[in-house]
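> Please find one structure pasted underneath; my questions will follow.
The values are calculated or read from the model by the stated rules, or taken from the named source; none is laboratory data. If you're wondering where the values come from, they're calculated on a predicted model, not measured in any experiment. Glycine gets a Cβ as well: all are built from the backbone with ideal geometry, and neighbour counts include every protein chain shown. Heavy atoms of the whole protein, side chains included, go into the accessibility calculation; ligands, DNA and RNA do not. Shrake-Rupley method; radii C 1.70, N 1.55, O 1.52, S 1.80 Å.
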Amino acid sequence: MPHAATVVNDAVQPRRAAMLAIGTANPPNSLSQEEYTNWYFRVTNSDHLTNLKDKMKKICKFLITKCSCVATELAVRDQPSLDARQDILATVVPELAAAAAARAIAEWGRPASDVTHLVFTTYSGVRMPGGDLRLASLLGLRRSVQRTSMYFHGCSAAAALRVAKDLAENNPGARVLVVSAELSLTLFRAPQDGHVDTVVGQALFGDGAGAVIVGAGGDERQVFEMVSAAQTVLPDSEGAAEGQLNASGLVFRPSFELPAMVRDNVEQCLAEGVGKHVAHGGWNDLFWAVHPGGRKILDVVEERLALAPGKLDASRRVLSEYGNMSGASIIFVLDELRRRGDMPPGGLGVMLGIGPGISIEMMLLRVAAA
């Protein structure tokens, strides 16, 4: 078991925020990799695109073992218009978010009415009022709960945890509920001959919701102390992961250069963002919660930081079991890490979010004492 790294410039901070509870949820249906590929090409009337179908099977074989997907419950043979999708998402997104939040609140052990702030993030649907209001109603939050919505942050929605840290540390008695819910229905589109990126996206993205209770002070059980947080944008990366909402849904076009950009910059970003707090031991003395944006993303982070085998197992398992659930994924990784129970009390780790921008979200975490 790795020893705990040493933190410098770590003055006593009685109001430092911590994650107090974690909850996750997925749609009840799931498909194996082979079932999902066959289903996808059947419902889009695309079985004749045999080269793309074979390509998707290979991607799924090395990427995910199963997929939870709301689209499998819907009549998508005619590919619903954006209007139809918005109507579906307006109901399903808050419900999935509420399922994850209810689990976090139950673990927390206090009534939902004790939540003072709600930070909600999604790219799945655009509506006024937003899904945060419906979510608050489903959970029975107080009418005076202070809501903050963050839309279209995509895979960098780990920023919501940074916002929650600031809220908790600067508002005495605050208890912040962070919820990220993503449904790939908004991304669903038929394969197009000559466009491999379409099937890559369909194979990669999945559905899920994650929730975290964040607070500072008090005597509640803690999961992770939130030591420090930082955000940066990779140079010349603004067009490396672009999404545009149009009549056919959300069209997301990540650049195939994205993994190389992460590889070339991730160590410097970490050194500037959280490395200044770590005095000894290097990256291998930390545990890692890296956004499972794809197998290549995890590979280049592991390679560039010279991480020991197994350091990214939690991220790899989440990717394999659920696919890339965008902003919700990092919460699943945090949940997987704490469930494994192999991190020493007081041990340090890094949460690393990677999303459009290319935005890099970093947070130094400490495992709470037993």
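> Taking a ≥ b ≥ c as the square roots of the Cα gyration tensor eigenvalues, with a/c under 1.5 meaning rounded and otherwise prolate when a/b beats b/c, else oblate, which class fits the range 17-216?
Because a/c hits 1.5 or more and a/b exceeds b/c, the range 17-216 counts as prolate.
> Calculate what fraction, in whole %, of the accessible area of the chain sits on carbon and sulfur atoms when a 1.4 Å probe is rolled over the protein chains.
Working: 7510 of 15390 Å².
Roughly 49 percent, rounded to a whole number.
> For the range 282-370, what does the convex hull of the Cα positions come to per residue, in cubic angstrom?
Cα-based convex hull of the range 282-370, divided per residue, equals 92 Å³.
> Which whole-Hz couplings ³J(HN,Hα) result when phi for each residue of the range 225-237 is put into the Karplus expression 6.51 cos²θ - 1.76 cosθ + 1.60, θ = phi - 60°, listed in order with x for Gly and Pro?
Per residue, the Karplus-derived 3J(HN,Hα) values read 7, 9, 6, 7, 9, 8, 9, 8, 10, 5, x, 6, 10 Hz.
> Could you tell me the convex hull volume per residue, in Å³, taken over the Cα atoms of the range 224-367?
Cα convex hull per residue, to the nearest whole number: 109 Å³.
> Any idea what angle helix 313-322 forms with the longest principal axis of the chain, computed on alpha-carbon atoms, 0 to 90 degrees, nearest 10?
The helix 313-322 is inclined about 40 degrees to the chain.
> Just by accessible area at a 1.4 angstrom probe, what is the order of Asp87, Asp193, Asp299, Asp132 from largest to smallest?
Putting Asp87, Asp193, Asp299, Asp132 in descending order of accessible area: Asp193, Asp87, Asp299, Asp132.
> Cα-Cα over 20 Å: which of Lys55/Lys311; Lys58/Lys296; Lys57/Lys296?
Lys55/Lys311
> Next question, about the same structure. For the range 126-277, take N as its residue count and report Rg(C-alpha) divided by 2.2 N^0.38 Å.
Working: Rg = 18.6 Å, N = 152, 2.2 N^0.38 = 14.8 Å.
Compactness ratio reported: 1.25.
> In Å², and per residue, what accessible area does the chain have when probed at 1.4 Å with the other protein chains present?
42 Å²
> Provide the FRET efficiency to the nearest 0.05 for the Asn171-Arg127 pair, computing r from the beta carbons and using R0 = 30 Å.
0.60
> Could you give me the percent of Cα pairs per 20 Å distance bin for the chain, shortest bin first, beginning at zero and ending with the bin that holds the maximum distance?
So the P(r) values, bin by bin, are 31, 58, 11, 0.
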